[in-house]
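To start, the structure itself, in structure tokens.
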Ligand code: GDP
Ligand code: MN
């Protein structure tokens, strides 16, 4: 789950990271009032869950409250990289002398958090990694020991930080690391961490990604979810406890088990197709869940064929077949459907589907090939 910049900043502030003063506005009037209360030049920032807002025109400076209101009106009316702006953050404009990057991510290969610092702040870190990888100082953090002072010094020296900024940098790095750990984040990033004209550090941007699997431990953070982050289909999926990620191919996939779903997607690719989604209906899915999943898949207009790959262990194949048939009763569709059901009650499941004129398959290879053929026969992009 992604947090908005203002939410991320509020979290960082609780951990002692200095952030600019400001507030969130959903109308130009509110923006003007915040600017008036601050009583100094402000920056108006689109709150959308995407990076590169600056370049896309979603961040602008204003000298007066009136100008702040006018700029807010403009930004609130625009799309930033395809996302409509529903609110803006209005905060005191920073006097920027230089920009640093500081972030923590989970490094799966190293099985620990890695903190990264770079003197090349203000641009996307992926860009720095491509162009000047030597400018990124990485410190792997032992989760049992935590971030050590020598590691913070290593980053500070590595990015050529002025000596006077050292105490502030230690505070920011510790705060960021602790916020990352205590929120169960998968990413916590300050880009840019600014050195101001009067020689202080200030987090001008903030980004937090939370691990969805730990959200149950953080009801307060879970409540921050921006429902606009997901497509309507993804929201619907969450209400049925289905793992669903929309993609841009033409073959809708319904699978039980995340690993099997990945393998199914790989095979459709291997045979020249492209999956329209990742979908895991989970173990023991009942007919109504299957029906909901099928409605979800068919709500994507790019879908030219649906591939069911069900391994019936806890989930019974006849139960799945009945779910598919129940869902089909409720939807008008001529999208071809290919089913591979293997496991508990598979004969019964296949018989039910064959009666309903669905294409059945025994092996996954066969099912994937039939799905690719069906999708391309429909003239779709595969
Ligand atoms: P992003 O483009 O979505 O990453 O948004 P950021 O908040 O990182 O802002 C992008 C860039 O805009 C920063 O790197 C700064 O150069 C500039 N910027 C942001 N806030 C301020 C500010 O308060 N004052 C000034 N002068 N520049 C700012
Ligand atoms: Mn940024």
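Defining a contact as two alpha carbons under 8 Å apart and six or more residues distant in sequence, what relative contact order in percent does the chain show? In percent, rounded to a whole number, it is 13.
Counting pairs of Cα atoms in the range 188-317, how many percent are more than 21 Å apart?
52 percent
For the range 1-65 versus the range 168-235, the spacing of their alpha-carbon centroids is 15 Å. Looking at the chain, the pairs of alpha carbons with a distance over 33 Å make up 46% of the total. Placing R0 at 45 angstrom, the Cβ-Cβ distance between residue 109 and residue 326 gives a FRET efficiency of 0.55 after rounding to 0.05.
Spatially, the range 294-372 and the range 114-159 are offset by 49 Å when compared through their Cα centroids.
So how much slack lies between residue 377 and residue 157, counting 0.36 nm per residue of separation and subtracting their Cα-Cα distance, in nm?
On the way: separation 220, 0.36 × 220 = 79.20 nm, distance 6.09 nm.
Extending this stretch completely gives an extra 73.1 nm.
How large is Rg/Rh for the range 21-92, to two decimals, with Cα atoms and a Kirkwood Rh? For the range 21-92, the value is 0.94. Stretching the chain fully between residue 142 and residue 270 yields a gain of 42.1 nm (0.36 nm per residue, less the alpha carbon separation).
Helix 258-270 versus the longest principal axis of the chain: what angle, 0 to 90°, nearest 10, using Cα atoms? It works out to around 80 degrees. A viscosity of 1.002 mPa s and a temperature of 20 °C, combined with the Kirkwood radius over C-alpha pairs in the Stokes-Einstein formula, give the range 95-197 a diffusion coefficient of 157 µm²/s.
Working note: Cα atoms of the range 256-331, range along each principal axis, descending, whole Å: 30, 28, 14. For the chain, adding -39500 (n - 2.57) for each run of n ≥ 4 DSSP H residues and dividing by the number of residues yields -11000 deg cm²/dmol at 222 nm.
Shown is the FRET efficiency for residue 37 and residue 347, computed with R0 = 56 Å from the Cβ-Cβ distance and rounded to the nearest 0.05: 0.20. Shown here is the pair-distance distribution of the range 231-375: with all Cα-Cα distances grouped in 5 Å bins from zero up to the longest one, the shares run 2, 11, 23, 27, 23, 12, 2, 0 percent. For the chain, take the longest principal axis of its alpha carbons; what is the angle in degrees between that and the long axis of helix 5-14, to the nearest 10 within 0 to 90? Its long axis makes an angle of about 60 degrees. Relative to the longest principal axis of the Cα atoms of the chain, the long axis of helix 346-355 makes an angle of roughly 80 degrees.
Packing, taken as the mean count of other beta carbons within 10 Å per residue, orders the peptides 47-57, 24-34, 185-195 from highest to lowest as 185-195, 24-34, 47-57. Full extension of the chain between residue 61 and residue 239 gives 60.0 nm of extra length, using 0.36 nm per residue less the Cα-Cα distance. Summarising the strand pairing of the chain, around 75 percent of its internal DSSP beta bridges are antiparallel.
Every number here is computed from the coordinates shown, using simple stated rules; none is lab data. Owing to the predicted nature of the structure, the values given are computational and were not obtained by experimental measurement. Here the Cβ is made from the backbone with ideal geometry for all residues, glycine too, and neighbour counts use every protein chain on show.
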